[in-house]
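Here's the structure, in structure tokens; my notes come after.
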Amino acid sequence: MERRDTVQLGTQCRRLLRIARLPFSIVLVLPAQLITLLVVVVPTIIVVWLSLTDWQPTDNIPWFKAEFSWFWNFYDLLSDERFVGAVLRTLFVVTLCVSTELVLAVALALLFLDEWPWRKVAVSVIILPMMVVPVDAANAFFMLFNDHGPINQLLSLVLDRPVEYAWLADPHWALLPIIFAEVWQWTPLMFLLVLTAFLNVPRNQWRAALGLGATPAQAFFRVVLPLSLPVMLVAVLIRAIETFKIFDVIYILTRGGPGATTESISMYMYNGAFVYFRMGYVAAAALLVLFVVVSVCLALFKPLQKHYE
Amino acid sequence: MSDRNSARAPRLPKVLHRVAVVAAMVIAFFPVFWLLSTSFKPYEEWASSPPHWLPKKPTLQNYRIVFAPEAARRFAATQAGSLDYKVSGSAWAAFGTSAVVATAATLLSVVAGTLAAYSISRFRIGGDSFAFQFLSVRMFPPIAVVVPMVVLFSMLRLTDTHLGLILAYTAFTLPFSIWMIRSFIEEIPVDLEGVAQVHGMSQAEAFLKVTLPLIRGGVLATALFVFILNWSEFLFALTLTSGHVVTVTLQVANYVSASSGKLYGVQAAMGTISTIPVIVFGFLIQSHLVRGLTFGAVKE
């Protein structure tokens with residue numbers, strides 16, 4: 001019975017397709033395109049509408065009946081210190097995290113160029129962090145930076161006086177555990193990419209450099225590093241994009257607090273939409289962010305494309 | 001690999017080199033160790049001062065709380081104040097939900113992704129910007145799409161359903177599927193399919209019977225990779241559900257009690273168990289991780 005249904009469904013589908021005269025190439029991309037349309041494109045249209053209203057779910061009217069407030073949301077956003085703060089903070093975190101990750105990754109990769117016993121095991125241990133579920137990693141860092149946690153314990157040993165510092169409750173330092181967690185989790189990815197890049201540099205290239213009288217350091221900085229640059233660029237881009245979206249770690253560690261001192265763009269929008277229920281306002285923020293992201297994407301489009309070809 | 005790379009870079013003395021490597025390993029492993037160690041600590045040791053690096057009285061209590069509602073209830077009554085039963089009932093339900101949602105979304109994403117990748121790489125459909133359209137999905141902060149998605153999903157009655165999460169996960173992992181599988185397909189010469197077609201196969205048959213078997217390993221690696229992403233996802237699970245559908249990441253985040261704050265030990269136990277499948281799969285596809293995380297741009 002079921003089987004006949006499926007067969008029938010199959011024939012019907014084929015008949016439909018024949019009527020629509022869709023070429024094979026288009027049929028193949030339809031499922032992917034439809035899902036993307038439903039989950040990404042339609043919501044983007046809704047976000048444009050919402051951004052022009054002041055709709056809140058607590059108003060008890062459906063969103064499409066909400067009154068337009070036109071561009072006031074955008075006007076308010078640009079003078080909203082909390083929003084501007086979140087944007088600047090996110091850019092700061094991205095810059096700091098990605099550059100730290102890159103430096104650490106290059107340093108680590110240099111340790112792994114030669115073959116030595118247990119090298120594979122060491123690589124496996126070092127890339128372990130990137131496989132941990134981010135929420136669990138965040139919880140681990142919550143415990144590490146607890147006022148009775150091991151970080152404070154180690155600090156007391158080093159400073160030789162009791163340290164019971166509440167890192168996550170300090171407006172000036174609460175961002176630090178977040179950055180530590182992020183760098184801890186994602187340096188391994190950068191390390192893998194940089195290592196791959198280094199190992200892919202043809203051996204005769206640096207041999208030639210050494211043969212021409214370069215010191216190993218010169219050969220590394222003048223030959224290996226430039227040749228690895230494209231891959232490192234891709235690594236930095238990907239990490240920058242991912243860090244820009246930072247949410248899980250902050251949600252678990254501080255939820256943007258104390259006050260709004262650790263709020264990233266994502267955290268700001270989450271709080272706005274799901275704590276203060278200002279959907280229209282957050283939609284406007286989302287639209288602004290999308291606009292920036294899309295312009296950056298378009299700017300990156302050409303150089304990236306060249307690399308993927 | 002050994003000979004190829006020896007003496008390429010400025011070298012440290014052997015002792016220093018070993019010390020640096022061990023230090024890196026310790027730092028990489030320490031938070032995981034802490035999670036593991038805390039998961040075996042009894043309530044009194046969760047936040048003891050000074051902290052115990054290893055549990056003084058190791059116990060399975062935390063794991064019992066995670067899996068047996070009875071133990072959770074007893075624990076709540078005696079020690080933790082107001083532990084929320086709705087979320088801490090049992091982790092089995094969360095594991096079931098995550099398994100169903102992550103698997104279904106992975107299948108959808110990989111099947112749709114394979115088809116699209118094939119079309120993109122063999123028919124060059126839509127030029128290059130077509131593939132980039134999917135990539136740009138990955139660049140959007142998901143929260144920017146979440147707000148309208150919540151609105152759309154409540155209209156379609158998809159809020160707090162498995163299907164809703166599956167759709168969201170599928171759309172947001174499609175870029176990985178398409179780009180990763182595309183890079184595998186492009187390693188297979190087109191001529192192979194040409195030969196098959198000369199022998200009377202249709203293009204669809206040539207794809208199914210010639211190319212697909214050759215990239216089987218790559219598709220499997222992609223599937224595991226996408227599964228890891230789905231299993232670890234938190235933001236959509238948090239915003240598109242409201243208590244009925246609880247994934248493992250939600251379950252971990254919800255072990256909070258009003259009176260005693262975070263339930264470290266229980267969170268650690270749940271975290272340990274929920275991370276294990278990810279680590280296993282991660283090491284299974286270790287050689288493909290680089291390719292996956294760079295959308296096929298960098299190959300090992």
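The values are calculated or read from the model by the stated rules, or taken from the named source; none is laboratory data. Just so it is clear, the structure is predicted and the values come from calculations on it, not from any experiment. Heads up, the Cβs are rebuilt from the backbone with ideal geometry, glycines too, and the neighbour counts pull from every protein chain shown.
Computed quantities for the displayed model
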read-out: Per-region count, the range B:121-133, residues more than 7 Å from chain A (Cβ to nearest Cβ) and in a helix (DSSP H, G or I); value: 7
read-out: Segments classed as helices (runs of 4 or more DSSP H), wholly inside the range A:171-238, with at least 1 members that are within 30 Å of residue A:249 (Cβ to Cβ); value: A:175-200
read-out: Of residues in the range A:130-170 being charged (D, E, K, R) and either under 16 Å from residue A:253 (Cα atoms) or assigned to a helix (DSSP H, G or I) (or both), the one farthest from the other protein chains (Cβ to nearest Cβ); value: A:170
read-out: Residue match in the range A:109-124 (condition: more than 8 Å from every other protein chain (Cβ to nearest Cβ), farther than 22 Å from residue B:47 by Cβ, in contact with a Phe, Trp or Tyr (Cβ under 7 Å, 6 or more places away or on another chain) and not β-branched (Val, Ile, Thr)); value: yes
read-out: Single condition residue B:196 does not satisfy, out of (1) of a type in the set (A, V, I, L, M, F, W, C); (2) within 12 Å of another protein chain (Cβ to nearest Cβ); (3) over 21 Å from the mean Cα position of the chain (by Cα); value: (2)
read-out: Lone unmet requirement of (1) at pLDDT below 85; (2) in contact with a Phe, Trp or Tyr (Cβ under 7 Å, 6 or more places away or on another chain); (3) in a helix (DSSP H, G or I) for residue B:75; value: (2)
read-out: Residue A:114 without any contact (Cβ under 8 Å) to a residue 24 or more places away in the chain and assigned by TED's automatic domain parsing to the domain that holds residue A:288; value: yes
read-out: Criterion: assigned by TED's automatic domain parsing to the domain that holds residue A:113, more than 30 Å from residue B:236 (Cβ to Cβ) and among the small types (Gly, Ala, Ser) - qualifying residue of A:197, A:240, A:235; value: A:197
read-out: Residues being within 11 Å of chain B (Cβ to nearest Cβ) and either small (Gly, Ala, Ser) or over 17 Å from residue A:193 (Cα atoms) (or both) - total across the range A:221-231; value: 3
read-out: Selection count where residues are surrounded by 13 or more Cβ atoms within 10 Å (Cβ to Cβ) and either modelled with pLDDT of 85 or more or in contact with an Asp or Glu (Cβ under 7 Å, 6 or more places away or on another chain) (or both), scope the range A:157-176; value: 10
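Quick grid of which residues meet (1) more than 10 Å from chain A (Cβ to nearest Cβ); (2) crowded, with 22+ Cβ neighbours inside 10 Å:
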| position | (1), (2) |
| --- | --- |
| B:251 | no, yes |
| B:264 | no, yes |
| B:268 | no, yes |
| B:275 | no, yes |
| B:283 | no, no |
| B:287 | yes, no |
